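Student: Sharing a structure, written as structure tokens. Questions coming.
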Amino acid sequence: MASDDDDKLSRIVDARMKLRARFLKDADATPSVADARPMGSGPKNRHGMPQLPPDQYETRKWPVLDLGVKPTISRERWRLTIDGACARPVTLDWAAFSALEQVEDVSDFHCVTKWSRFDVPWRGVRLADVIALAEPADDAHFVMCHAYDSYTTNVPLVEAIKPDVLLVHTADGVPLPVEHGGPVRVITPQLYAWKGAKWVSRLELLREDKLGFWEERGYSNTAYPWRNDRYS
Ligand SMILES: Nc1nc2c(c(=O)[nH]1)N[C@H]1C(S)=C(S)[C@@H](COP(=O)(O)O)O[C@H]1N2
Ligand SMILES: [Mo]
């Protein structure tokens with residue numbers, strides 16, 4: 001007889017497989033995958049060659065960019081709600097988040113103000129796994145990421161569920177510093193960095209696209225670094 005835990009696990013696995021199946025074909029057609037060269041971001045996509053997207057320069061530092069408010073949320077107080085167009089809205093606390101599968105990845109960070117940082121080592125949870133927990137509606141195609149500083153940014157699900165899109169709590173081997181969005185932020189290595197909400201608080205699944213903070217103010221709604229796709 002299956003235990004509740006087994007039921008829960010198989011539901012999550014089903015939801016993940018469903019999401020993957022729904023977006024696999026579309027994901028292969030996104031520029032970061034479909035463009036002939038370069039293929040995307042991060043060492044595995046650079047074929048061993050350091051490569052920068054057009055008009056970017058490399059920095060070894062990690063500049064801080066935000067709206068000037070740096071909310072200090074302890075891990076104890078931090079919550080992440082996944083809701084909107086889904087069957088099972090859920091709020092995770094630190095313990096529930098930590099219990100999800102933890103992954104490590106190394107990827108690049110491209111800021112629209114033209115600096116790129118190569119090879120950032122991250123640790124966190126796949127955004128796809130967290131979204132799957134809520135069992136998105138079949139017609140949900142977007143996610144609005146909300147943050148504790150009231151920042152918002154919208155991401156199409158086809159980008160959000162790519163395997164290198166993470167909710168990270170660790171960077172460079174140490175807990176993510178507050179100024180970079182700790183305790184938990186989103187990273188979107190295939191898109192400009194403004195698509196990754198620092199101090200993330202809520203993932204709102206949407207049927208229709210809505211513009212986030214910078215997207216409303218003229219930033220590109222697609223944000224592909226390899227296409228120099230900065231402003232709309
Ligand atoms: N919550 C929140 N997330 C945010 C921002 C913000 O103002 N608030 N700024 C975005 C922008 S414009 C960039 S370039 C990156 C910068 O991340 P960093 O400060 O870690 O370099 O965070 C993005 N995420
Ligand atoms: Mo930015």
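Student: Quick check: residue separation of ARG20 and ARG88 times 0.36 nm, minus the Cα distance between them. What number comes out in nm?
Tutor: Full extension of this stretch gives 22.7 nm more.
Student: If each of VAL33 and ASP7 carries a label point 7 Å out from its Cα toward its Cβ, how far apart are those two points in nm?
Tutor: My value for the distance between the label points is 3.4 nm.
Student: What percentages, rounded to whole numbers, describe P(r) for segment 41-117 computed over all alpha carbon pairs with 5 Å bin width beginning at zero?
Tutor: Per 5 Å bin, starting at 0, the Cα pair percentages come out as 3, 11, 14, 13, 13, 17, 16, 11, 2.
Student: Going through the cross-link list LYS8/LYS70; LYS8/LYS198; LYS44/LYS198; LYS18/LYS70; LYS25/LYS70, which pairs have a Cα-Cα distance over 32 Å in this structure?
Tutor: The answer is LYS8/LYS70; LYS18/LYS70; LYS25/LYS70.
Student: Still on this model: Taking amide hydrogens as modeled 1.01 Å from N in the peptide plane, which residues meet the under 5 Å criterion relative to LEU92, leaving out close sequence neighbours?
Tutor: LEU80, THR81, ILE82
Student: If a paramagnetic tag sat 7 Å from the Cα of SER74 along the Cα-Cβ line, which residues of segment 163-188 would have the backbone N under 12 Å from that point?
Tutor: Flagged as within label range: none.
Student: So what J values fall out for segment 127-144 if you push phi through Karplus, 6.51 cos²θ - 1.76 cosθ + 1.60 with θ = phi - 60°, rounded to Hz, Gly and Pro as x?
Tutor: Once rounded to whole Hz, the list reads 4, 4, 5, 5, 5, 4, 3, 8, 6, x, 4, 4, 9, 7, 10, 9, 10, 9.
Student: Now a separate question. In whole percent, what relative contact order does the chain give with Cα contacts below 8 Å and a gap of six or more residues? Each step should come with its number before you reach the end.
Tutor: Working: 459 pairs, mean separation 52.7, N = 232.
Relative contact order of the chain: 23 percent.
Student: How far is helix 4-28 tilted, in degrees, relative to the longest principal axis of the Cα atoms in the chain, given as a value from 0 to 90 rounded to the nearest 10?
Tutor: Roughly 30 degrees between the two axes.
Student: Follow-up. In terms of modelled amide H atoms, which long-range or inter-chain residues lie less than 5 Å from the amide H of ALA137?
Tutor: When sequence neighbours closer than 5 places are left aside, the close amide H contacts are CYS86, ALA87.
Student: I need the per residue convex hull volume for segment 89-177, using only the alpha carbons, in cubic angstrom as a whole number. Intermediate values should be presented prior to the final figure.
Tutor: On the way: hull volume 11.2 nm³, N = 89.
Once divided by residue count, the hull of segment 89-177 is 126 Å³.
Student: I'd like the distance separating the alpha-carbon centroids of segment 1-35 and segment 79-106, in whole Å.
Tutor: Value for the Cα centre distance between the two parts: 15 Å.
Student: Quick one: divide the alpha-carbon radius of gyration of the chain by 2.2 N^0.38 Å and tell me what you get.
Tutor: Computed over Cα atoms of the chain, the ratio equals 0.97.
No lab work stands behind these numbers, since they all come straight from the coordinates. Remember, predicted model here, so these are calculated numbers, not experimental data. Every residue, glycine as well, gets a Cβ built from its backbone with ideal geometry; the counts of neighbours run over all protein chains shown.
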